[in-house]
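Below is one structure, written out as structure tokens; the observations come after it.
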Amino acid sequence: MSFTHQDLATVAAQPALHLVLAAPSLVVSAGKPAYVYAQFSLPVASLSIPGTPATAPPARAVLPCVSIAVRNIQTNQYVPLPAGSPVFGVPASLGHATVTAAPASQSDGAAGPFLAFEVPPGLAPGTEIHITATVPAGYTGPGSPPLTAELTLTTG
């Protein structure tokens, strides 16, 4: 699966931090599964022997908080997915749902930053689904800013 539609969030003061939210398509079908990729990467400090060249530390990957909200056509407001819908993470902000969904399996069978949720059945074509991935303020250290990446999917 190719996740070509993406939003990347970084912090100018800490350019090694990357929050990525991506989807294989920005158009989804009501009542069908939708897939997103959400991952926060941050560098890990490494030690080296004095007098030897330091190697670049590997990045640690973390699944960020992901929330999903559907735009109500009559009120033009985003509302949480209905109760009983799959949800994951913690609400990103007021008006967003927490949706629990198991991470989707990767080709090697391992779970990873690939998340799947069912698009609510009966949504009219053109309905927007707003997906937000967040890393809270202070996560990478005292005073570090929050990071937010957003995608808007549309039912076809």
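Pairs only if they're at least six apart or on different chains, beta carbon under 9 angstrom, first in the range 12-37 and closer than 12 Å to I129 by Cα, second in a strand (DSSP E or B) and charged (D, E, K, R); list them, first residue then second.
A34/E118
Can you tell me which residue in the range 111-156 is modelled with the lowest pLDDT, limited to those that are farther than 18 Å from P64 by Cα and polar (S, T, N, Q)?
T127
Restricting to the range 1-40, name every residue that is touching an Asp or Glu at 6+ places or on another chain (Cβ under 9 Å) and surrounded by fewer than 19 Cβ atoms within 10 Å (Cβ to Cβ). I'd like the intermediate steps shown before the answer.
Applying the first criterion (touching an Asp or Glu at 6+ places or on another chain (Cβ under 9 Å)) to the range 1-40 yields 7, 9, 19-22, 31-34.
Once the filter is applied, which keeps residues that are touching an Asp or Glu at 6+ places or on another chain (Cβ under 9 Å) and surrounded by fewer than 19 Cβ atoms within 10 Å (Cβ to Cβ), the range 1-40 yields D7, G31, K32, P33.
The values are calculated or read from the model by the stated rules, or taken from the named source; none is laboratory data. Everything numeric in this text was worked out from a predicted model, so none of it was measured. Glycine also receives a Cβ, built like all others from the backbone with ideal geometry; neighbour counts cover every protein chain displayed.
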